[in-house]
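Data block below; observations after.
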């Protein structure tokens, strides 16, 4: 077995073990959110509101839906029934419908936030350098949340994700700047043509008036 295949095999086995552990139907084997053990829902909600648009409920449900995802979707019933055991600051059980509602709310907020962010990048409001700073601040908050919920992310994976996002957003900013420049040039040409046409129409009117005047003299 080659070194590359060996590494791939080990990685697969570790991932399989992780999946079995995380998606086990034994809530005692789930060890996320332990760093906020003892904190009230209101406290966690306040903590999130200072940094994001999501609530404590949406944070917990989105994390659980990601960790307990199956080929047919997330295990809504299991998550709802064991919610207080899985997440320290959640005190009540949820119906599958309530779990799905929180999941949908999370996705909706992420989609709107993404659209808002992308508009800010595309409309020329931010320079590429400002976008880099904005992405760095956002990644710091995201990394902090992952740390609080005890989700380990490989350093190489972190760097790769940040580099890919940064490259994409820089391309978006540069492309948008070029498009805005082209659009401004087109608008300028359009205004010049309109002014030229208006000038020609005015000149034609004056000439017609002069001809009418000359005919009267005769």
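The values are calculated or read from the model by the stated rules, or taken from the named source; none is laboratory data. Owing to the predicted nature of the structure, the values given are computational and were not obtained by experimental measurement. Every residue, glycine among them, receives a Cβ derived from its backbone with ideal geometry; neighbour counts consider all protein chains shown.
Just a few scattered comments:
- Scanning the stretch 87-95 finds no residues that are assigned to a helix (DSSP H, G or I) and either closer than 27 Å to residue 36 by Cα or modelled with pLDDT under 80 (or both).
- Residues of the stretch 108-127 classified as exposed (fewer than 15 other Cβ atoms within 10 Å of the Cβ) and within 25 Å of residue 43 (Cβ to Cβ), total: 2
- Options 112, 107; residue that is under 17 Å from the mean Cα position of the chain (by Cα), closer than 27 Å to residue 35 by Cα and not in a strand (DSSP E or B): 107
- Some residue of the stretch 134-144 being in contact with a helix residue (DSSP H, G or I) (Cβ under 9 Å, 6 or more places away or on another chain), in a helix (DSSP H, G or I) and under 27 Å from residue 28 (Cα atoms): yes
- Within the stretch 60-74, being assigned to a loop (DSSP other than H, G, I, E, B) and in contact (Cβ under 8 Å) with a residue 40 or more places away in the chain holds for one residue alone: 68.
- Any pair with Cβ under 7 angstrom, 6 or more apart, that starts in the stretch 134-152 at a residue that is under 15 Å from residue 113 (Cα atoms) and ends at one that is at pLDDT below 85 and surrounded by 12 or more Cβ atoms within 10 Å (Cβ to Cβ): 134/126; 135/165; 135/166; 135/169; 139/162
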